[in-house]
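Student: Before I ask anything, here is the structure I am working with.
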Amino acid sequence: MKRFDEVEIGEVLPEFTCPPVTRTQLALFAGASGDHNPIHVDEDAAKASGLPGAIIHGMLSMAVLGQLVTGWVPQKNLRSFATRFAAMNYPGDAIICRGKVVGKCQEGGENLVDLELEAWNSRGEKTLAGSARVMLS
Amino acid sequence: MAVKDIVGKVFDPFSIEVEKGRVAFFARSIGASDPIHFSEAAARAAGHRGIVAPPTFGFTIAMDANQSFMVLDQLGIDKTRTVHGEQEFIYHDDICAGDTITGQQTVAESYDKKGGALTFIVTKTEIKNQLGSHVCDLRTVIVVRNG
């Protein structure tokens, strides 16, 4: 793991891509996350609510984006994590996660690094705009 | 009830037990392979009290506790007119397998955008564990399409 003094503002995190999300993964995530909304697993229900088809859970995309951060620092060092849900992902979309260092500060005796995060789908749409704060020694 | 009248409302406290199998299932379903979600030894070696849930698992606890649609149900808003706009987690401690998590949701604020075409409802949920530690704060923004 990097040390606080080795990290520079503007530094780009290694990109993280999750393989195309399958309908099977959506069914498993529905069960595992407790989000049983049928628009994620039932094509008919999704169309009935005005969508072109079943959509990927926003919280699945967020969980994937989280792995960009926990691939860079251990989860133990995570202090906050936030996202705005900007566009929808559909089954078959890969989720491409990017991040960069946008700030450094010291607070409460900890060295903190602020990250700007983004997730894009394989169709070129930005689906998440987020941020995280992590601690480095 | 109008949206502005629900701001400040504090819902009843909830309690959820975090099962080891559920943490592993959740981790597998998001593609997380870090052994801290599956192995007690690996989690302890990484500085956790026990098998630790992935960072967004707090939302699943709120889901299991039927918190996610509480505001919409109280307001009688059709869920198909809403989207999850934003989600934030502020971490103070780990959520570990075997924990009993308690929490309480508050409606923090609401505001309109696009000349009233959209209403934003912000809720905050503070969660604690059985040791009395403040674990995490969740901030959820729900967007309602009006008209």
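Every number in this text was worked out from the coordinates using simple rules, so none of it is lab data. On a predicted model such as this, the values are computed, not experimentally measured, just so you know. Here the Cβ positions follow ideal geometry from the backbone for every residue, glycine too, while neighbour counts run over all protein chains shown.
Student: Based on the alpha-carbon gyration tensor of segment A:6-71 and its eigenvalue square roots a ≥ b ≥ c, which shape applies: rounded if a/c is under 1.5, prolate if not and a/b is larger than b/c, or oblate?
Tutor: Numbers: a/c = 3.18, a/b = 2.54, b/c = 1.25.
Prolate is the answer for segment A:6-71, as a/c is 1.5 or above and a/b outweighs b/c.
Student: Once R0 is set to 22 Å, what does the formula 1/(1 + (r/R0)^6) return for the Cβ-Cβ distance between residue A:122 and residue B:83, expressed as a FRET efficiency to the nearest 0.05?
Tutor: Numbers: r = 22 Å, r/R0 = 0.99.
Between residue A:122 and residue B:83 the formula returns 0.50.
Student: At what distance in nm do the modelled label points of residue A:1 and residue A:17 sit from each other, each positioned 7 Å from its Cα along Cα→Cβ?
Tutor: 2.9
Student: Which one of A:37, A:121, A:89 has the biggest mean-square fluctuation once chain A is modelled by GNM with Cα springs under 10 Å?
Tutor: Between A:37, A:121, A:89, it is A:37 that shows the largest mean-square fluctuation.
Student: Kindly express, to the nearest 10 degrees and within the range 0 to 90, the angle between helix B:20-29's C-alpha long axis and the longest C-alpha principal axis of chain B.
Tutor: The angle comes out at about 70 degrees.
Student: Considering the zone a paramagnetic label at residue B:4 would reach in this model (a point 7 Å from Cα along the Cα-to-Cβ line), which residues of segment B:65-92 have amide N under 12 Å from it?
Tutor: What the label zone holds, given the 12 Å backbone N cut-off, is no residue at all.
Student: Output the pairs from B:4/B:128; B:9/B:114; A:76/B:20; A:76/B:9 with a Cα-Cα distance over 30 Å in this structure; if there are none, say none. Intermediate results must be reported in sequence, preceding the final value.
Tutor: Values: B:4/B:128 28 Å; B:9/B:114 25 Å; A:76/B:20 18 Å; A:76/B:9 33 Å.
Among B:4/B:128; B:9/B:114; A:76/B:20; A:76/B:9, the Cα-Cα distance tops 30 Å for A:76/B:9.
Student: Further, regarding this structure: Label point 7 Å out from residue B:46 along Cα-to-Cβ: which residues of segment B:104-147 have amide N under 19 Å?
Tutor: B:135-136
Student: So what is the 222 nm mean residue ellipticity for chain A from helices alone, if each DSSP H run of at least 4 adds -39500 (n - 2.57) and you divide by all residues, rounding to the nearest 500 deg cm²/dmol?
Tutor: Numbers: 3 runs with 30 residues, N = 137.
The per-residue figure over chain A is -6500 deg cm²/dmol.
Student: Moving on. Taking the Cβ of each residue in B:91, A:90, B:111 as the centre, tally the other Cβ atoms inside 10 Å and list the residues starting with the fewest.
Tutor: Values: B:91 20, A:90 16, B:111 12.
By the 10 Å Cβ count, ascending: B:111, A:90, B:91.
Student: In deg cm²/dmol, rounded to 500, what helix-only [θ] at 222 nm does chain B give when every DSSP H run of at least 4 residues adds -39500 (n - 2.57) and the total is split over its residues? Could the numbers behind the result be given before it?
Tutor: Working: 5 runs with 34 residues, N = 147.
Computed mean residue ellipticity for chain B: -5500 deg cm²/dmol.
Student: For chain A, what does the alpha-carbon gyration tensor say about shape, rounded, prolate or oblate, given a ≥ b ≥ c as the root eigenvalues, a/c under 1.5 as rounded, and a/b over b/c as prolate? Working shown, then result.
Tutor: Working: a/c = 2.76, a/b = 2.32, b/c = 1.19.
It comes out prolate by the Cα gyration axes.
Student: Net charge within 12 Å of residue B:40 by Cβ-Cβ distance, Lys/Arg positive one each and Asp/Glu negative one each, not counting residue B:40 itself? It would help to have the intermediate numbers written out before the result.
Tutor: Working: positive: B:20, B:44, B:49; negative: none.
Summing Lys and Arg as +1 and Asp and Glu as -1 gives +3.
Student: Can you give the FRET efficiency for residue B:134 and residue A:111, using 1/(1 + (r/R0)^6), R0 = 22 Å, r = Cβ-Cβ distance, to the nearest 0.05?
Tutor: Details: r = 22 Å, r/R0 = 0.99.
According to the calculation, E is roughly 0.50.
Student: Would you mind ranking B:26, B:38, A:16 so that the residue whose beta carbon has the fewest other beta carbons within 10 Å leads the list? Walk me through the numbers before you get to the answer.
Tutor: Working: B:26 23, B:38 17, A:16 20.
Lowest to highest Cβ neighbour count: B:38, A:16, B:26.
Student: If you don't mind, another one. Which angle from 0 to 90°, rounded to the nearest 10, does the C-alpha axis of helix A:23-33 make with the longest principal axis of chain A?
Tutor: Taking Cα atoms only, the helix is inclined about 60 degrees.
Student: According to a simple spin-label model (label point 7 Å from Cα along Cα-to-Cβ), what is the distance in nm between residue B:126 and residue B:93?
Tutor: In this crude spin-label approximation the distance works out to 1.4 nm.
Student: Hey, what do the phi angles of segment A:70-83 turn into as Karplus ³J(HN,Hα) couplings, whole Hz, using 6.51/-1.76/1.60 and θ = phi - 60°, x for Gly and Pro?
Tutor: Karplus-based 3J(HN,Hα) across segment A:70-83 equals 6, x, 9, 9, x, 3, 4, 8, 6, 10, 7, 7, 9, 9 Hz.
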